[in-house]
2 protein chains.
Amino acid sequence: MESKTYAVIGTGAIGGYYGARLHHGGNSVHFLFHSDYDHVCQQGLTVDSHYGDFSIAADQLQAYQSTAQMPKVDVVLVALKTTQNQHLASLIQPLLKPDTLVVLLQNGIGAEQELAQQLELPYVGGGLCFICSNKLGPGHIHHLDYGRITLGMHGETGLPALSQLAEDFRQSGIEVDVEDNIFAARWKKLLWNAPFNGLSAVLDTDTAQMMQCPEIVELARDIMLEVKAAARSSDTELEIDLIETMLTNTAKMKPYLTSMLLDKRNGRELELQYMYKNALDIAAEQNIKMPKTEALYQQLCFINKAIVS
Amino acid sequence: MESKTYAVIGTGAIGGYYGARLHHGGNSVHFLFHSDYDHVCQQGLTVDSHYGDFSIAADQLQAYQSTAQMPKVDVVLVALKTTQNQHLASLIQPLLKPDTLVVLLQNGIGAEQELAQQLELPYVGGGLCFICSNKLGPGHIHHLDYGRITLGMHGETGLPALSQLAEDFRQSGIEVDVEDNIFAARWKKLLWNAPFNGLSAVLDTDTAQMMQCPEIVELARDIMLEVKAAARSSDTELEIDLIETMLTNTAKMKPYLTSMLLDKRNGRELELQYMYKNALDIAAEQNIKMPKTEALYQQLCFINKAIVS
């Protein structure tokens, strides 16, 4: 099979890691940089990885400052924060061929549908990244642990292209699951994210501290039950055991700082639209109430206002 | 009419201010002190007041370290934080005559009923203090503004004694309203306290900042509607206009740091039982749901745990 060409939009902790893996798997990967562009042109891209460090030398790195300068590709991997999604359609437009597969490696619910509608794209998928990774500095990524990706399509078509992507990931050393439907997988991840991301940001604390407080465990469970009801209202039935399993596992986990807590502490805009607002809107359309989730969202709006203003 | 004798239990920002006013109004007032006792025996009690400073010299101050040493009185004014209420019955027992009136100058809901049951007291009332006052140091109170008290009885009887207390307050320069029923007055005050005390503590912010965030105004309104429904379930009908009036007034107020925010910042236990838990329990007994109030309470439990542990 002919080798696919890739574009990575947002070369940070997530996009940089997976893109560099694909490059070392023998794929042609084009990377979009923002403020790091000048640095990587001189120094290349470096990954300090749990599984062994690796890098792309400057003369091997296909780096760009603008998507207008990039070639059209077979697969676009979007690893921007969802807080940038208002620019996403115009950003990726120059990269698209009629059959380009666009895969959103982002948090939350609703981004695939929005993008598919905006650009009338035939092939939009999503990926959930189970990874601990962060950016240490320009072109310098620290991969702490894990890395498995769950992939799924947004619509009915495009599964062959997604399966090819999965195969390229696997040959590059990345564990991948392919699910029928990214929407169901996103609801499942939101079941954990909705309580723990938001509460950790509001209470400025880690998962272990929260799990030691019975009232917070109860609140987390209540929010999970609301998310489960919202998922059901959009035809996604999550197993009831999942909630207790997630709570048990979270209590056993090493203390974990959620991405939303880190965003808050670092003064970065919070991902409220796709992590909370879209789920609340989906539920409201079906007359499903999510009062505790909504209360948390309302508090997060206050915190976010202080960050963005 | 014969002059009444008074005991003030908890001589802090509230008890010290009102007790010292009653003393200067010509009443015999006995003050219980805790850690400040040695200091006030030497230096007396000083009030820097918005309406003019005043004090009680050490040789005029009827100060005690224990209620066992105090005389039985006609009126006991309790100005402890409700976080001390597990000790209240045994604390005031030595002060009681068969017709002693006990008045709780405390926050929240349910303390009068609890005390009346514990001690089989015939005359228990409550007072809501609309005052800005704090303790600067041992025996030293700073009265910043206001001071009106709303008084009401817990049960059907005792109104003549309460009216006499109201008269003594007035003759001592304190504005007083007497309502039929302290329970209704307490629900009304809780309508404001439930959203703004808790949210200010969780978000670590003042009323002005909160009122500038539309999502927090919406959340405050939702919590107020839940409190209104809970009040109705215990036969207290609050006017619907009250909510919008309170929100409008809060938006116009100078930035205000709530007592719960100050308690949190100063590492003092939060008044969760009487400000939240009792109202939630009353509502639950009538199958009234208060999900947003409960979510806030659950978060406050987390914050309180860090304070008391």
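Cβ-to-Cβ counts within 10 Å put A:Val217, A:Val78 in ascending order as A:Val217, A:Val78, the fewest first.
The C-alpha radius of gyration of segment B:20-87, expressed as a fraction of 2.2 N^0.38 Å, stands at 1.17. Which shape class, rounded, prolate or oblate, goes with the protein assembly as shown when its Cα gyration tensor gives a ≥ b ≥ c as root eigenvalues, a/c under 1.5 marks rounded, and past that a/b bigger than b/c marks prolate? Note, shape of the protein assembly as shown comes out prolate. Cβ crowding within 10 Å, taken as a proxy for footprinting-reagent exposure, orders B:Glu156, A:Glu112, A:Glu285 from fewest neighbours to most as B:Glu156, A:Glu285, A:Glu112. Here the Karplus curve 6.51 cos²θ - 1.76 cosθ + 1.60, taken at θ = phi - 60°, turns the phi angles of segment A:72-84 into couplings of 5, 10, 7, 9, 9, 9, 9, 10, 6, 5, 5, 5, 9 Hz, with x standing for Gly and Pro. Exceedance of the 32 Å cut-off in Cα-Cα distance is limited, within the set A:Lys292/B:Lys81; A:Lys189/B:Lys305; B:Lys228/B:Lys254; A:Lys4/A:Lys228, to A:Lys4/A:Lys228. Between this copy and the others, label points of A:Lys72 are 9.9 nm apart in ascending order, each placed 7 angstrom from Cα in the Cβ direction.
Starting from the Cα gyration tensor of segment A:184-308, take the square roots of the eigenvalues, sort them a ≥ b ≥ c, and report rounded, prolate or oblate (rounded when a/c is under 1.5, otherwise prolate if a/b is larger than b/c, else oblate). Oblate, since a/c reaches 1.5 and b/c is not below a/b. If you find the alpha carbon centre of segment A:15-32 and of segment B:85-109, how far apart are they in angstrom? First find each Cα centre; the distance between them is then 73 Å. The antiparallel fraction among DSSP beta bridges confined to the protein assembly as shown stands at about 35%. Cβ-to-Cβ counts within 10 Å put B:Tyr274, A:Tyr37, B:Tyr17, B:Tyr256 in ascending order as B:Tyr256, A:Tyr37, B:Tyr274, B:Tyr17, the fewest first.
For chain B, just say rounded, prolate or oblate: build the C-alpha gyration tensor, square-root its eigenvalues into a ≥ b ≥ c, call rounded for a/c under 1.5, and beyond that prolate if a/b exceeds b/c, oblate if not. Prolate. With the helix formula -39500 (n - 2.57) applied to DSSP H stretches of n ≥ 4, chain B reaches a computed 222 nm mean residue ellipticity of -13500 deg cm²/dmol.
Between B:Phe54 and B:Asn134, with labels modelled 7 Å along Cα→Cβ, what's the label distance in nm to one decimal, could you check? Taking the simple label geometry, B:Phe54 and B:Asn134 are separated by 2.4 nm. Largest GNM mean-square fluctuation among A:Gln62, A:Gln43, A:Gln86, using chain A with Cα springs under 10 Å: A:Gln86.
Report the calculated FRET efficiency for A:Asp177 and A:Lys289 (r = Cβ-Cβ distance, R0 = 30 Å), to the nearest 0.05. It would help to have the intermediate numbers written out before the result.
Details: r = 33 Å, r/R0 = 1.09.
For R0 = 30 Å, the calculated efficiency reads 0.40.
Each other copy places its own label point for B:Ala89 at 6.7 nm from this one, sorted shortest first, where the point lies 7 Å along the Cα-to-beta carbon line.
What percent do you get for the relative contact order of chain A when only Cα pairs under 8 Å and 6+ apart count? Computed value for chain A: 15 percent relative contact order. Taken over segment A:5-180, the alpha-carbon convex hull comes to 102 cubic angstrom per residue.
The HN-Hα couplings worked out from phi for segment A:195-203 by the Karplus form 6.51 cos²θ - 1.76 cosθ + 1.60 (θ = phi - 60°) are x, 7, 5, x, 5, 5, 6, 5, 8 Hz, whole numbers, x standing for Gly and Pro.
Quick one: work out the % antiparallel among DSSP beta bridges in chain A, nearest 5. Taking every DSSP beta bridge within chain A, about 35 percent pair in antiparallel fashion.
Of all DSSP beta bridges located in segment B:1-105, what percent are antiparallel, nearest 5?
On the way: 3 of 20 bridges.
Looking only at bridges with both residues in segment B:1-105, the antiparallel portion is about 15 percent.
A simple spin-label model places pseudo-atoms 7 Å from Cα toward Cβ; at A:Ser90 and A:Ala251 they are separated by 5.0 nm. Shortest first, A:Asp38 label-point distances to identical copies amount to 6.6 nm, with the label point at 7 Å from Cα along Cα→Cβ.
No value in this document is a laboratory result; all are computed from the given coordinates. This one's a predicted model, so the numbers in the text were calculated from it and none came from an experiment. Every residue, glycine as well, gets a Cβ built from its backbone with ideal geometry; the counts of neighbours run over all protein chains shown.
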